[in-house]
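Notes follow once the structure below has been shown.
All of the numbers you see were taken from the coordinates with simple rules; none came from a lab. Note that this is a predicted model, so its numbers are computed, not measured. Here the Cβ positions follow ideal geometry from the backbone for every residue, glycine too, while neighbour counts run over all protein chains shown.
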Amino acid sequence: MRHLKGVKQLGRLQSHRKAMFANMLTSLFTHERIVTTKQKGRELIRFSDRLISRAKGCVDLPEQDAKKVHNKRIVLKTIRKREVMSKLFDDIAPRYKERNGGYTKLYLLGRRRGDAAEMALVELVERRVVEAKVDKADAKGKKDKKEKKEKDKDKVKDKAKGKDKDE
């Protein structure tokens, strides 16, 4: 019996589950949102909140403090990419300095078409949205492309009308 066992097995072996969540955590911290199934998302929230709490404890510590190094090594056991780990410690953790838990949110999206699995969006609560800057030249280029498409449609209509008249 599985009394007081804290991890959902999700029909996977321990090694597969560990690798899957490591990949999902890396993607979550890289993109700050991820679409997955509801059950995986619930477990992902547990792991991500623990890692963010560990990183948050190192926000005000000096760079070579032993506690900070220790926490980075613990996080590197799960997240294998150093750039993602540095983003977690330098960018994500300071955002949640005043927040006591609840760093991620789960939004239900409905059922997946193929197998009817419940899908969910997991994202960081105070997510940074990077807006793409549109140059005037790019906007003009898009406008020119739109006008060209309209002209092409008109030509096709004219050809169709001309063929109907000939027949």
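Packing here is the average count of other Cβ atoms within 10 Å per residue, and on that basis the peptides 2-10, 25-33, highest first, run 25-33, 2-10.
Put in order of Cβ neighbour count within 10 Å, fewest first, the listed residues Met1, Met119 become Met1, Met119. Here region 9-42 and region 100-124 have alpha carbon centers that stand 12 Å from each other. Annotation note: GluC sites (Glu not before Pro) in region 64-127 located in DSSP loop regions with a Cβ neighbour count of at most 13 within 10 Å are Glu98, Glu126. Remark: Tyr96, Tyr107 ranked as Tyr107, Tyr96, counting other beta-carbon atoms within 10 Å and listing the fewest first. Restriction of the trypsin sites (Lys or Arg not before Pro) in region 87-121 to DSSP coil positions whose beta-carbon has at most 16 other beta-carbons within 10 angstrom yields Lys97, Arg99, Arg112, Arg113.
Between Gln64 and Arg127, the contour length at 0.36 nm per residue exceeds the alpha carbon distance by 19.9 nm.
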